[in-house]
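The values are calculated or read from the model by the stated rules, or taken from the named source; none is laboratory data. Just so you know, these numbers come straight off a predicted model, no measurement behind them. Cβ coordinates were reconstructed from backbone atoms using ideal geometry, including for glycine residues, and neighbour counts include every protein chain displayed.
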Amino acid sequence: MTTKTATGRGWVPHAVMIPLAIVSIFPVWWMFVTSLRPENDIYSSLPWPGSPTLDNYTYAMDSIAVWPMLRNTAIYAVTSTLAQMLTAVLAAWAFVRWRFPLDKLLFALIALTWLVPFQVVMIPNYILVSRLGLVDNLLALLLPNMVSAFAILLLVQSMRSFPTEVIEAAEMDGAGHWRVLWRVVVPNLRAPLAALAILLFISTWNDYFWPLLLTRSENSTVIQIGIQMFLTEEGNQWGPLMAISSLACLPVLAIYIALQRQVIDSFVKAGMR
Amino acid sequence: MKTVRHLLLGAIAAALPFPAFAQMAPAIEEPVTIRFYNYNLASAGLGREGTLEMLGTFAEANPLINVEGVPVPSSEVMSRVQADVIAGQGPDIAQIIFADLGYLVENFGVPALDDIAPAEELDEHLSGMFPRGIELARVDGDLYGLAYVFSTPVLFYNADLFIEAGLDPDQPPRTWEDVSAAAIAIHEATGNPGLLTGIFGPSAYDWLYQGFLRSNGGRVMSEDRGTMMFAEPEAVEALATLRAIAQAGAMPLVPSSSAIEAMSSGNAGMYLQTSAVQGALLRGAEGNFDLRAAPMPTFGDQQATPTNSGSALVIMTQDPVRQRAAWELMQHLTSDYGYTVITSQIGYVPLRQNAVTSEEYLAPFLRANPVVQPNIDQLDSLVPWVPLPGPSYRQILTVMMNASEQAVFGADDNIETILADAQSRAQSLVPR
C-alpha cells in the first residue's frame with residue numbers, strides 16, 4: 001500500500017513538470033526547425049521542416065559579419081562576467097567581514113543603483129566614453145559593465161550564510177583575510193557563483209541598447225545587433241533570423257549545460273534557506 | 001528611450017549654436033570625412049546591399065570625400081542622433097523618417113537646403129524630380145531635405161482566395177465599398193481575414209492613416225499644423241467604413257508584423273500596406289498562391305490621396321565644407337542612377353521622371369516588373385505625410401492612433417465621441 005502511494009505521488013510532479021518542460025522547450029525547438037525551413041515553407045505549421053535546408057544559415061553568414069559579431073559578443077560577455085564576479089566577490093567580502101563608517105549607507109546606495117535602469121545612465125556613460133575616444137571600441141562596451149550591484153547583493157547574502165566557525169578555524173590556523181576568501185570561502189560558494197556567472201553572462205550576451213549606441217560598424221558590434229538586422233521595414237526575414245538566433249543561443253546553452261549541477265544546487269540551497 | 005529623448009531636449013537646445021546659415025563651400029579641395037546615418041545599412045539584405053553599392057560608386061567618383069556609413073535601425077535614428085549631438089559626434093547627413101522630420105527641424109538647428117545649397121545647383125537637381133516628391137521634405141514652407149527611399153500604399157490581394165470566395169481577381173476592389181464587400185465574402189467563404197491594413201498597430205506611425213482620411217476629404221491636422229482635425233465628420237465616416245468590416249469579423253486587429261505573415265502565408269484576402277513589403281510578400285507567395293496588387297481604394301468617386309511612407313536625406317552639419325560633401329552625396333543618392341538602384345534593388349519608388357523613362361536606367365526593369373507601375377502612377381496624386389507638431393509629436397501620435405484603433409475595433413459604437421475626446425487631448429499637446 002505504501003509502495004502504491006509513493007508511486008502515485010511520484011507521478012504528480014512528473015505530470016506537472018513534463019508539460020512545463022514541453023512549453024519551455026517548444027520555442028527553442030520551433031526556432032531550430034524554422035531555421036531549417038526553405039523560404040517558401042517558412043510559415044508551415046508542421047513541427048519539423050518538410051525539406052530541411054541550411055540555406056538560411058548560409059544566407060545569414062553571407063549577409064552579415066556573423067563570426068566577428070559572435071567573437072565580440074563572447075569577449076564582451078566573458079570579460080564583463082569575470083570583472084563583475086571579481087568586483088562582486090571583493091565588495092561582498094568587505095561588507096560581510098568588516099564594519100566601517102557608513103558601511104550600511106554605502107551598501108544601501110549600491111542596492112539603490114540596482115533599481116536605476118541602465119537606459120537612464122546610458123547617455124552620460126556614452127558622453128564619457130566618447131570623450132575618452134572609445135566610441136566603436138570593445139573596451140567602452142565593457143567599462144560601465146565591470147561592477148554589478150545585483151551580483152554584490154547576491155554574494156553578500158551567500159557570504160552572510162557562510163558558517164563563521166569555518167572562517168574562524170582558518171584564521172586560527174594563521175590564514176589572513178585574503179587567503180580565507182580565496183582558499184576557504186570562494187571554493188565553498190561554487191554553486192551561487194556558478195548561478196551568478198550564468199545570469200551575468202546571459203544578461204551581457206543579450207545586451208542590445210548599449211552596443212547599439214556605441215558601435216559604428218558590423219565588425220565591431222555584437223550578435224544581438226546582427227539578429228536585429230533581419231527585422232526590417234520591408235518585412236522580417238524569419239529564416240535567417242532564426243538561423244542567426246540559433247547560433248547565438250548555442251554558447252549560452254553550452255555554458256548552462258556545463259554548469260547545470262551547480263546552478264541546480266544553488267537554487268535548491270536558496271530554496272532551503 | 002522616449003523618456004530619455006525628452007530629458008535630453010533641453011541639453012540639445014543648449015548645446016546647439018543655431019547659427020545664421022551661410023552657403024556651403026563651393027567645392028571640396030581637401031580630403032574630408034562625413035558621417036552618414038542610414039537605416040538601410042542596419043538591415044541585412046537588399047536595402048543594405050543597394051546602399052553599399054551606391055556608396056561605393058560615390059567613393060569612386062569623389063575620391064576626396066570619405067563617407068562613414070553608420071547603420072542605425074529606423075526606430076532608433078532620433079535617439080541616436082540626439083545622443084550623438086550631445087556627445088559632439090552628430091551625423092553630417094542622416095536618413096530621417098518623415099514622421100521625425102518636424103521634430104528634427106524644430107529642435108536641432110538643421111539648415112534648410114534653400115539656405116545652404118547654391119540656388120542654381122538646387123534648381124538643376126530638383127528639376128528632374130516628380131514635383132510632389134519634392135514637397136515631401138518641406139516643413140512649414142522650407143525644404144530641409146530630399147525624399148530618399150519611400151513608397152505609397154498598395155492593396156495587395158490573394159487571387160486564390162478571391163476565386164474561392166466567388167470573386168473575380170481580374171477585377172480587384174476599386175472603392176472602399178468594394179473592399180468591404182470582398183473582405184466579408186472572403187471571410188465567410190474561407191474563414192480567413194478578408195482585410196488587413198497597416199493603419200493600426202504599435203509600429204504603424206500615421207502615414208497610412210493620413211492618406212486614408214485624406215482620401216475621404218479629411219485630414220489629421222490643419223495645413224499650418226496648429227489644429228488637430230482627426231475628429232471631423234470625414235474622419236468619422238472613413239473609420240465607420242473600417243468598423244463595419246471589423247464588426248462583420250472580416251478584419252481582425254493584428255500588429256503589422258503579424259499582418260505581413262498572415263498575408264505572406266496565404267491566410268488573408270487583402271492587405272493595404274506600403275509597397276515596400278512587396279518583396280517579403282512575394283517570397284511567401286512564391287509557389288503557394290497568386291499575389292497581386294491594386295492601387296489604394298477610393299471613397300466613392302473621390303480620388304484616392306495616397307501618402308508616402310519612408311524617409312528623407314537631411315544635411316545636419318553646420319560646417320560649410322562638410323555641407324558640400326553631404327550635398328554631393330545627397331545628389332548622388334537621388335540621381336537617376338541612385339533611383340535606379342533604389343527601385344530595382346531595394347524596391348522603393350523612383351522619384352525622377354528621367355530614371356523612369358530612360359532605357360539607360362529603369363525602363364527595362366519596369367517593363368519586366370509591371371507590379372511597380374501602380375506605385376509610380378500614384379505619384380501624381382501623392383500627398384505628403386505631414387509630421388505631427390511640437391516636441392510631443394510622439395504622444396500626439398499615440399493618442400490619435402489609439403483612438404482610431406478604439407473607434408474601429410472597440411466595443412463602443414460612438415466613434416464621434418472617441419475621436420473628439422482624443423482630439424481634445426492631442427490638441428493640448430500642440431505648441432501654442
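Considering only residues of the range B:347-362 that are surrounded by fewer than 22 Cβ atoms within 10 Å (Cβ to Cβ) and not small (Gly, Ala, Ser), which is nearest to residue B:150 (Cα to Cα)?
So the residue we want is B:353.
Within the range B:255-279, which residues are within 24 Å of residue B:310 (Cβ to Cβ), within 7 Å of chain A (Cβ to nearest Cβ) and surrounded by fewer than 24 Cβ atoms within 10 Å (Cβ to Cβ)?
If the condition is that a residue be within 24 Å of residue B:310 (Cβ to Cβ), within 7 Å of chain A (Cβ to nearest Cβ) and surrounded by fewer than 24 Cβ atoms within 10 Å (Cβ to Cβ), then B:257, B:261, B:279 are the ones that fit.
Looking for something of a type outside the set (Ser, Thr, Tyr), crowded, with 19+ Cβ neighbours inside 10 Å, under 30 Å from residue B:224 (Cβ atoms) and out of contact with any His (no Cβ under 9 Å at 6 or more places or on another chain) - is there at least one such residue anywhere in the range B:153-167?
Yes, the range B:153-167 contains a residue that is of a type outside the set (Ser, Thr, Tyr), crowded, with 19+ Cβ neighbours inside 10 Å, under 30 Å from residue B:224 (Cβ atoms) and out of contact with any His (no Cβ under 9 Å at 6 or more places or on another chain).
Taking the condition surrounded by 19 or more Cβ atoms within 10 Å (Cβ to Cβ), more than 9 Å from chain B (Cβ to nearest Cβ) and within 30 Å of residue A:98 (Cβ to Cβ), does residue A:248 pass?
no
Can you pull out the residues in the range A:129-161 that are surrounded by fewer than 15 Cβ atoms within 10 Å (Cβ to Cβ) and without any contact (Cβ under 8 Å) to a residue 60 or more places away in the chain?
A:131, A:132, A:133, A:139, A:157
Mind listing just one residue for me: the one in the range B:348-389 that is of a type in the set (Ser, Thr, Tyr) and part of a helix (DSSP H, G or I) and, of those, modelled with the lowest pLDDT?
The qualifying residue modelled with the lowest pLDDT is B:381.
Considering only residues that are of a type outside the set (A, V, I, L, M, F, W, C) and either modelled with pLDDT under 90 or under 8 Å from the mean Cα position of the chain (by Cα) (or both), which ones fall in the range A:189-207?
Correct list: A:190, A:192, A:203, A:204, A:206.
I'd like the residue in the range A:170-212 that is part of a helix (DSSP H, G or I) and in contact with a Lys or Arg (Cβ under 9 Å, 6 or more places away or on another chain) and, out of all such residues, is farthest from residue A:146 (Cα to Cα).
Applying the filter and picking the extreme gives A:170.
How many residues, within the range A:19-52, are assigned to a helix (DSSP H, G or I) and over 25 Å from the mean Cα position of the chain (by Cα)?
4
Would you check which residues across the range B:281-305 are crowded, with 21+ Cβ neighbours inside 10 Å and within 14 Å of chain A (Cβ to nearest Cβ) and list them?
Residues satisfying the conditions are B:281, B:284, B:285, B:291.
Return only the number of the condition from (1) within 14 Å of chain B (Cβ to nearest Cβ); (2) touching a residue at least 60 places away in the same chain (Cβ under 8 Å) that residue A:46 does not satisfy.
Checking residue A:46 against (1) within 14 Å of chain B (Cβ to nearest Cβ); (2) touching a residue at least 60 places away in the same chain (Cβ under 8 Å), the one that fails is (2).
When you go through B:151, B:180 one by one, which is the residue that is outside any helix (DSSP H, G or I), within 28 Å of residue B:349 (Cβ to Cβ) and among the polar types (S, T, N, Q)?
Answer to the check: B:151.
Tell me whether the range A:98-116 contains one or more residues that are out of contact with any Cys (no Cβ under 6 Å at 6 or more places or on another chain), more than 14 Å from chain B (Cβ to nearest Cβ), without any contact (Cβ under 8 Å) to a residue 24 or more places away in the chain and at positive phi.
Looking for residues that are out of contact with any Cys (no Cβ under 6 Å at 6 or more places or on another chain), more than 14 Å from chain B (Cβ to nearest Cβ), without any contact (Cβ under 8 Å) to a residue 24 or more places away in the chain and at positive phi, one finds at least one in the range A:98-116, hence yes.
Just a yes or no: is a residue in the range B:189-199 out of contact with any strand residue (DSSP E or B) (no Cβ under 6 Å at 6 or more places or on another chain), under 23 Å from residue B:416 (Cβ atoms), of a type outside the set (Ser, Thr, Tyr) and in contact (Cβ under 8 Å) with a residue 60 or more places away in the chain?
yes
Looking at (1) within 22 Å of residue B:151 (Cα to Cα); (2) touching a Ser or Thr at 6+ places or on another chain (Cβ under 9 Å); (3) part of a helix (DSSP H, G or I); (4) in contact (Cβ under 8 Å) with a residue 24 or more places away in the chain, find the lone condition where residue B:304 falls short.
Only one criterion in (1) within 22 Å of residue B:151 (Cα to Cα); (2) touching a Ser or Thr at 6+ places or on another chain (Cβ under 9 Å); (3) part of a helix (DSSP H, G or I); (4) in contact (Cβ under 8 Å) with a residue 24 or more places away in the chain is unmet by residue B:304, namely (3).
Kindly indicate the residue of the range A:213-235 that is in a helix (DSSP H, G or I) and among the aliphatic types (A, V, I, L, M) and also farthest from the other protein chains (Cβ to nearest Cβ) among those meeting that condition.
Here the residue is A:223.
If you check every pair at least six apart or on different chains, which have Cβ atoms under 6 Å apart with a residue in the range B:324-337 that is over 12 Å from residue B:36 (Cα atoms) and assigned by TED's automatic domain parsing to the domain that holds residue B:314 first and a residue that is assigned to a helix (DSSP H, G or I) and among the charged types (D, E, K, R) second?
Cβ pairs passing all conditions: none.
Just give me the residues in the range B:84-101 being within 20 Å of residue B:211 (Cβ to Cβ) and within 11 Å of chain A (Cβ to nearest Cβ), in sequence order.
B:97
Of all residues in the range B:316-361, how many are over 27 Å from residue B:82 (Cβ atoms) and touching a Pro at 6+ places or on another chain (Cβ under 6 Å)?
3
If I ask for residues that are in contact with a helix residue (DSSP H, G or I) (Cβ under 8 Å, 6 or more places away or on another chain), part of a helix (DSSP H, G or I) and among the hydrophobic types (A, V, I, L, M, F, W, C), which ones from the range B:154-176 would you list?
B:161, B:162, B:176
Every residue in the range B:42-76 that is under 15 Å from residue B:345 (Cα atoms), surrounded by 22 or more Cβ atoms within 10 Å (Cβ to Cβ) and at the interface with chain A (Cβ under 9 Å from one of its Cβ atoms), please.
B:43, B:44, B:47, B:48
Any idea which of (1) within 25 Å of the chain's Cα centre (by Cα); (2) buried (at least 22 other Cβ atoms within 10 Å of the Cβ) is the one residue B:174 doesn't satisfy?
So residue B:174 meets the others, but not (2).
If I ask for residues that are modelled with pLDDT of 95 or more and part of a loop (DSSP other than H, G, I, E, B), which ones from the range B:31-70 would you list?
Scanning the range B:31-70 gives B:31, B:62, B:63, B:64.
Working only within the range B:103-139, note down all residues that are small (Gly, Ala, Ser) and at pLDDT 90 or above.
Those that are small (Gly, Ala, Ser) and at pLDDT 90 or above: B:112, B:117, B:119, B:127, B:137.
Does residue B:215 satisfy the condition of being within 13 Å of another protein chain (Cβ to nearest Cβ), within 20 Å of residue B:179 (Cα to Cα) and buried (at least 22 other Cβ atoms within 10 Å of the Cβ)?
no
Here's the yes/no breakdown for (1) at pLDDT below 90; (2) more than 30 Å from residue B:39 (Cα to Cα):
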position	(1), (2)
A:168	yes, yes
A:184	no, yes
A:212	no, no
A:225	no, no
A:230	no, no
A:236	yes, no
A:259	yes, yes
A:264	yes, yes
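Is there a residue being over 24 Å from residue B:112 (Cα atoms), buried (at least 22 other Cβ atoms within 10 Å of the Cβ) and not aliphatic (A, V, I, L, M) anywhere in the range B:319-339?
no
Of the conditions (1) farther than 25 Å from residue B:71 by Cα; (2) surrounded by fewer than 20 Cβ atoms within 10 Å (Cβ to Cβ), residue A:89 fails just one. Which one is it?
Failed condition: (2).
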